[in-house]
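The values are calculated or read from the model by the stated rules, or taken from the named source; none is laboratory data. Fair warning: this is a prediction, and the values are worked out from it, not measured in the lab. Cβ coordinates were reconstructed from backbone atoms using ideal geometry, including for glycine residues, and neighbour counts include every protein chain displayed.
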Amino acid sequence: MNNTTYSPKKGEIERKWYIIDATDKSLGRVATEVAKLLRGKHKPTFTPNQDVGDYVIVTNCKDAVLTGHKLDQKVYRHHSGYIGGMKETSARVMMDNTPEKAMFLAVKGMLPHTRLGRQMIKKLRVYAGSEHDNIAQKPEVWEVK
């Protein structure tokens, strides 16, 4: 009787490229789908302690939608490390200036906050417009409901 759990080896992990169009879709809904693809939770070989996920390209982040009053009430904060170094940016300013950063931060927050998560986030490509540099990888379209 064999009661061993299958764990994929490094060479057995197959990585695909997916492209997601964020036009008129909720930023959070898109981010959850991207995080799922980066972690590999859509695969039968998913292992929580390994990076078995795929590469993801997100396009048209400038057209992603924030619902409710988030544009005015949501605040992005970061600290420089110096005294009084807290910087705040509203979601409206972030979506106007750097919408790809807003999407990146949303996805990053949904991944593990460990070195495994830092390895997963490197497989993400985010673009504000519809043009991207990864045509040679022949990405498959992934639909977000």
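Tabulated values for the structure
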quantity	calculated
Residue ranges of strands (runs of 3 or more DSSP E) in the stretch 2-101 with at least 1 members at pLDDT 95 or above, out of contact with any Pro (no Cβ under 7 Å at 6 or more places or on another chain) and closer than 20 Å to PRO112 by Cα	55-59, 75-79
Selection count where residues are of a type in the set (D, E, K, R), farther than 28 Å from ARG92 by Cα and touching a Ser or Thr at 6+ places or on another chain (Cβ under 9 Å), scope the stretch 13-66	1
Residue count for the stretch 37-53, restricted to those that are surrounded by 18 or more Cβ atoms within 10 Å (Cβ to Cβ) and under 18 Å from ALA106 (Cα atoms)	5
Residue within the stretch 110-131 that is out of contact with any helix residue (DSSP H, G or I) (no Cβ under 8 Å at 6 or more places or on another chain), modelled with pLDDT of 95 or more, farther than 23 Å from LYS25 by Cα and among the hydrophobic types (A, V, I, L, M, F, W, C) present	yes
Where THR114 falls short, out of the listed (1) of a type in the set (Ser, Thr, Tyr); (2) in contact with a Phe, Trp or Tyr (Cβ under 8 Å, 6 or more places away or on another chain); (3) within 30 Å of THR5 (Cβ to Cβ)	(2)
